[in-house]
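**Q** Can you read through this structure? Questions will come right after.
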Amino acid sequence: MAKLIEQRPTLSIIELWEYNILMDNDQSTYEQLKQELNFHSYRYHVLDAPIISDLEYDRKLAEIRRLEGQHPEWVTPDSPTQRAGAAPSERFEKVRHPRPILSLANAFGAADASAWYERIMKLDERVQNAGFVVEPKIDGLSVVLHYRAGYFVQGATRGDGEIGEDISSNLRTVKSIPLRIPVGLHDTQTDPILQLYPLPDYLVVRGEAFIPNKEFSELNRHLEEAGEKTYLNPRNTAAGSLRQLDPGLTAQRPITLLCYQIVYAEGGRTPATQWELLAWLRALGFPVTDAARRFEVVGEAIAYTETWDKRRDELGYEADGMVIKLDDLRIAEELGFVGKDPRGAIAFKFPAREVTTKLSEIGVAVGRTGVLTPFAVLEPVEVGGVIVERATLHNFDYIAEKDIRPGDRVLIKRAGEVIPYVIGPVQDARDGSEQPYSPPELCPACGQAVEHFENEVAWYCVNAACPAQIIRNVEHFVSKGCMDISGLGIKIVEKLIESGVVRDVADIYTLGREDILTAITRKDRKTKSEPPGKIADNLLAAVEQSKSQPLNRLITALGMRGVGEVSARDLAAHYPSLDLLSGASLEDLQTIDGIGPNIAAAILDWFHRESNLLVLQKLKRVGVWPKEEIKERGLANLPLNGMTLVVTGTLPALSRDQAREYIEAHGGKAGDSVSKKTNYLVLGENPGSKYDKALALGVPVIDETGLRRLCGD
Ligand code: IVH
């Protein structure tokens, strides 16, 4: 046909007219065009590798519609125009499966999987040489697809394993399900495996339907933009969309599937191994996973399975484990089953990442800057091997958007390093007693009215004396990156604040030994091996030592909004004391690289608050006022004046922070990346790419000794 179309321009009008008639009356041309379209649809939806543009596809589709309009008698069920089938009347018909649709027994961990192997080895020694195929265990909906003479004739849900529901109309809309197999033009079917196993007259294939993660997020994003309710997770969305009565709606959902089993075949031979079976299904045009691997020994299969636990996100869809299957299907079959679980395969489950539990209460935490953050208090539940009792609810807008109510059954997720969070409520589990949630009007810690600033999502407690804020402030002040006072744990801090001994961070410096002894909880006494007296002495020593922390650390410790370690370093380099910094103007502050108008305003605001000025006064009085001599001596006299040095790798004596401080104390600037302006690269062990860059740019390279020599030490 392509050839004929190419010739079109050279034909006369009469000939063209004749050609059109000819073509319109040529059923084999229609057949060929249909096969061609199905092949391109397969390239697009199954292989993800189209070879024609969408426009060309649409043109061909328009042509087939035109032909079908003229010859309705030609239309066959495998035409791409037949994907939007008619809706079933009121409910789905029942379908008896030709053979039971089995389930899988679970294994939790390598030991369980080995035990499975040992069990079946005892039953049949041939298992030893049967080989193993490992495939992802897709978390979707099991579907059963029937093909007669290559045509898709019926599709069903699994149901109870014996009887499912006829969801053919919905499944027809799933573009990766071939309407006719083998897919494509017959003369392109050169795959040797198809010669070996020609298509049976009746073939029943099983697969798992699902929505890929990316498509799921996009779907939810669209729904959110349209102000509609979002879905909880891909599995429920796919299952729900396939089991509702409007195929038009199913067609709008990005459902796809992967096939992995032959349920039944009549009039033909099918492969005898799982590995070959996957290749055969693939050659017929079914979507098949490319993460499957074959192994000779079970240990290797288990090892491969375990590698996927951490990599499961790479699959692009939700998988709740891997399936280890005996490759030799005859041996697998002969092993029989226990209940509904075949002995010849096992589901190696990954730790669950999503579970439901009851939201007992919505708690509210008060942060260092007074921000109120809601969190979920949950009925304890295990997720991925960890008991979860608290989960984040992000912010108050999130609660309103998802309509999360205290008392709800909620779906929570804990994936990798992510803090557990509430995905949303399970609306169907409500009993009507759950009331919508509104944010508190008073600070839960101090009882003062909370405030909401324009253009900000957060609610704030603006009371500087709020005990919750003081706790967070002190926690931050003593932390490693700030004043680094070890031994002042949260429990002691809480006690000290509760008893009124500590009212702000400066009070840490006037703590007496007795104050600490009374604050050390009974639990501390029990868990710590040291006697309380020793704990108190160590703590007092740590407090004393922190007085000599450099200015930049004190600036970070004071916790001005937006001022982190990096800005604090820049500020300290510019203003050699807090006296100078407190007098800086908005314009002045903004001359520093990295200090924008917002941070500058936050700094100014901090120095205008009376409670903060009081803290500064107290700090100065107790001697926490980083020495200014070095810096005020005049930067011009320092050896590294005007130079930028970058450190890479591990230095023998100085830690990364210490090296920075050393460079700055000698008047230099410690840069984060190498550029032409870098004066020296200080090289340690195991350097990063900075070293290559320095070499490429011709930046001089020195080691720690070289640095010290440069500084005259
Ligand atoms: S094999 C005899 N392979 O997991 C064959 N099942 O928990 C039994 N599933 O009901 C199934 N991916 O719906 C098999 N690659 C895969 C699978 C898979 C997902 C589902 C299937 C089954 C359930 C068992």
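**Q** Between S479 and D290, what's the calculated FRET efficiency when r is the beta-carbon distance and R0 is 51 Å? Round to 0.05.
**A** According to the calculation, E is roughly 0.60.
**Q** Cross-link partners among lysines for K669, C-alpha distance below 17 Å, same-chain residues fewer than 8 apart left out?
**A** K631, K677, K690
**Q** Relative contact order, percent, of the range 205-315 when contacts are C-alpha pairs under 8 Å separated by at least 6 residues?
**A** 27
**Q** Here's a follow-up. Within the chain, which cysteines find no other Cys whose Cβ is under 4.7 angstrom from their own?
**A** Result for the chain is C259, C482, C711, no neighbouring Cys Cβ within the cutoff.
**Q** Report the Cα centroid-to-centroid distance between the range 281-303 and the range 194-260 in angstrom, as an integer.
**A** What the calculation gives is 22 Å, centre to centre.
**Q** While we're looking at this one, here's another question. Kindly rank 128-140, 460-472 from highest to lowest mean number of other beta carbons found within 10 Å of each residue.
**A** 128-140, 460-472
**Q** Excluding G559 itself, calculate the net charge of residues whose Cβ lies under 11 Å from the Cβ of G559, where each Lys or Arg counts +1 and each Asp or Glu counts -1.
**A** +2
**Q** What pairs in K214/K402; K480/K693; K310/K693; K214/K480 have C-alpha atoms more than 28 Å from each other?
**A** On the way: K214/K402 20 Å; K480/K693 31 Å; K310/K693 33 Å; K214/K480 39 Å.
The answer is K480/K693; K310/K693; K214/K480.
**Q** Where a ≥ b ≥ c are the square roots of the eigenvalues of the C-alpha gyration tensor, would you call the range 112-222 rounded, which needs a/c under 1.5, or, failing that, prolate if a/b is larger than b/c, or oblate?
**A** Values: a/c = 1.80, a/b = 1.24, b/c = 1.46.
Since a/c reaches 1.5 but b/c is at least a/b, the shape of the range 112-222 is classed as oblate.
**Q** For T307, put the label point 7 Å out on the Cα→Cβ axis and report which residues of the range 107-135 keep their amide N under 16 Å from it.
**A** Inside the label zone: 132-135.
**Q** While we're here: Using 5 Å bins from zero, what percent of all Cα-Cα pairs in the range 546-680 falls into each bin?
**A** P(r) over the range 546-680, rounded to whole percents: 2, 10, 18, 22, 20, 15, 8, 3, 1, 0.
**Q** Which value in deg cm²/dmol, rounded to the nearest 500, describes the helix-derived mean residue ellipticity at 222 nm for the chain, given -39,500 (n - 2.57) per DSSP H run of n ≥ 4 and division by the residue count?
**A** -11000 deg cm²/dmol
**Q** Still on this structure: Using a 7 Å offset from the Cα along the Cα-to-Cβ direction at both R221 and Q195, what is the distance between the two label points in nm, to one decimal?
**A** Distance between label points: 4.7 nm.
**Q** Right, next: How large is the accessible surface of V383 in square angstrom, using a 1.4 angstrom probe and rounding to the nearest 10?
**A** Spelled out: V383, probe radius 1.4 Å, area about 0 Å².
**Q** Suppose the chain between K94 and K214 were pulled fully straight at 0.36 nm per residue; how much longer would it get relative to their current alpha carbon spacing?
**A** Working it through step by step, the gained length comes to 39.9 nm.
**Q** Using a probe of 1.4 angstrom, how much of the accessible area of the range 189-228 is carbon and sulfur, in percent?
**A** Carbon and sulfur together cover 50 percent of it.
**Q** I've got another one for you. Over the chain, what is the relative contact order in whole percent, taking alpha-carbon pairs under 8 Å and six or more residues apart?
**A** Relative contact order for the chain comes out at 9 percent.
**Q** Sticking with this structure for a sec: How large is the accessible surface of L604 in square angstrom, using a 1.4 angstrom probe and rounding to the nearest 10?
**A** Roll a 1.4 Å probe over it and L604 shows about 40 Å².
**Q** Run the 1.4 Å probe and let me know the accessible area of E300, rounded to the nearest 10 Å².
**A** It works out to around 90 Å².
**Q** Scan the range 214-288 for GluC sites (Glu not before Pro) in coil per DSSP, keeping those whose Cβ has at most 12 other Cβ atoms within 10 Å, and list them by number.
**A** Here the sparse-neighbourhood loop sites are E228.
**Q** If you line up the Cα atoms of the range 532-593 on their principal axes, what length do they span on each, largest first, in Å?
**A** That gives 51, 20, 14 Å along the principal axes, largest extent first.
**Q** State, to one decimal in nm², a quarter of the convex hull surface area for the C-alpha atoms of the range 432-490, i.e. the direction-averaged projected area.
**A** Computed as one quarter of the Cα hull surface, the answer is 6.8 nm².
**Q** Going 7 Å from the Cα of Q658 toward and past its Cβ, which residues in the range 680-713 have a backbone nitrogen under 13 Å from where you end up?
**A** Residues 704-705 fall inside that zone.
**Q** Within the set of other residues whose C-beta is less than 11 Å from the C-beta of S433, count the net charge using Lys and Arg as +1 and Asp and Glu as -1.
**A** -1
**Q** Quote the FRET efficiency, to the nearest 0.05, computed for I419 versus R59 with a Förster distance R0 of 45 Å and r equal to the Cβ-Cβ distance.
**A** Values: r = 51 Å, r/R0 = 1.13.
Using R0 = 45 Å, I get an efficiency of 0.35.
**Q** Hey, another quick one. Expected output is a single nm value to one decimal: the length gained when fully extending between D431 and A464, i.e. 0.36 nm times separation in residues minus the C-alpha distance. What is it?
**A** Roughly 7.7 nm would be gained on extension.
**Q** Could you work out how far apart the two model spin labels at N236 and T518 are, taking each label as a point 7 Å from the Cα in the direction of the beta carbon, and quote it in nm?
**A** Calculated label separation equals 5.2 nm.
**Q** So, in nm, how far is label A449 from label S675 when the simple model puts each one 7 Å beyond its Cα toward the Cβ?
**A** Between A449 and S675, the label points sit 4.9 nm apart.
**Q** Around T705, what is the net charge, scoring Lys/Arg as +1 and Asp/Glu as -1 over all other residues with Cβ under 14 Å from its Cβ?
**A** On the way: positive: R708, R709; negative: E685, D703, E704, D713.
My count for the surroundings of T705 gives -2.
**Q** Return one number: the angle in degrees, 0 to 90 and rounded to the nearest 10, between the long axis of the Cα atoms of helix 110-123 and the longest principal axis of the Cα atoms of the chain.
**A** Result, in degrees: 30.
**Q** Here's a follow-up. Just to compare against my own numbers: the Cα pair-distance distribution for the range 468-507, 10 Å bins, whole % per bin, please.
**A** 33, 61, 6
**Q** Ratio of the range 33-120's C-alpha Rg to 2.2 N^0.38 Å, to two decimals?
**A** The range 33-120 yields a ratio of 1.84.
**Q** How long is the gain from Q128 to D48 if the chain were fully straight, where each residue apart is worth 0.36 nm and the alpha carbon distance is subtracted?
**A** Details: separation 80, 0.36 × 80 = 28.80 nm, distance 3.74 nm.
Stretched out fully, the Q128 to D48 stretch lengthens by 25.1 nm.
**Q** Let me know the Rg and Dmax you get for the range 362-408 when you use only its Cα atoms, in Å.
**A** Rg, Dmax (Cα atoms, Å): 11.9, 34.
**Q** Still on this model: Dimensions of the range 260-358 along principal axes (Cα, Å, largest first)?
**A** 52, 32, 32
**Q** Hey, what's the per residue convex hull volume over the C-alpha atoms of the range 337-463, in cubic angstrom?
**A** Considering the Cα atoms of the range 337-463, their hull volume per residue is 147 Å³.
**Q** Going highest first, how would you order 615-624, 657-666 by mean Cβ packing within 10 Å?
**A** Details: 615-624: 16.0, 657-666: 19.2.
Descending packing order for the listed peptides: 657-666, 615-624.
**Q** Using DSSP, restrict attention to beta bridges with both residues in the chain and report what percent are antiparallel, rounded to the nearest 5.
**A** 85
**Q** Could you do me a favour and compute the accessible area per residue for the range 167-297, 1.4 Å probe, result in Å²?
**A** Value returned for the range 167-297: 43 Å² of accessible area per residue.
**Q** Further, regarding this structure: State, as an integer percentage, the relative contact order of the range 53-177 based on alpha-carbon contacts under 8 Å between residues 6 or more apart.
**A** Relative contact order, the range 53-177: 33 percent.
**Q** Decide, for the range 171-311, between rounded, prolate and oblate: order the square roots of the alpha carbon gyration tensor eigenvalues as a ≥ b ≥ c, take rounded if a/c falls under 1.5, and otherwise choose prolate if a/b is larger than b/c, else oblate.
**A** Oblate.
**Q** How would you order 579-587, 51-59 from highest to lowest mean count of nearby Cβ atoms within 10 Å?
**A** The peptides rank, most packed first, as 579-587, 51-59.
**Q** Now for a different question. Holding the Cα-Cα limit at 31 Å, pick out from K175/K349; K94/K413; K495/K547; K413/K491 the pairs that are longer than that.
**A** Flagged as over cut-off: K94/K413.
**Q** On to the next question. Starting from the eigenvalues of the Cα gyration tensor, five times each then square-rooted, give me the equivalent ellipsoid semi-axes of the chain, largest first, whole Å.
**A** 65, 33, 29
**Q** Under the rule a/c < 1.5 gives rounded, and otherwise a/b versus b/c splits prolate from oblate, where does the range 173-234 land using the Cα gyration tensor?
**A** Prolate, since a/c reaches 1.5 and a/b exceeds b/c.
The values are calculated or read from the model by the stated rules, or taken from the named source; none is laboratory data. Predicted model only: the values in this text are computed from it and were never measured. For neighbour counting, all protein chains shown are included, and Cβ atoms are generated from backbone atoms with ideal geometry for every residue, glycine included. Protein only, heavy atoms only, side chains kept; ligands, DNA and RNA dropped before computing areas. Shrake-Rupley method; radii C 1.70, N 1.55, O 1.52, S 1.80 Å.
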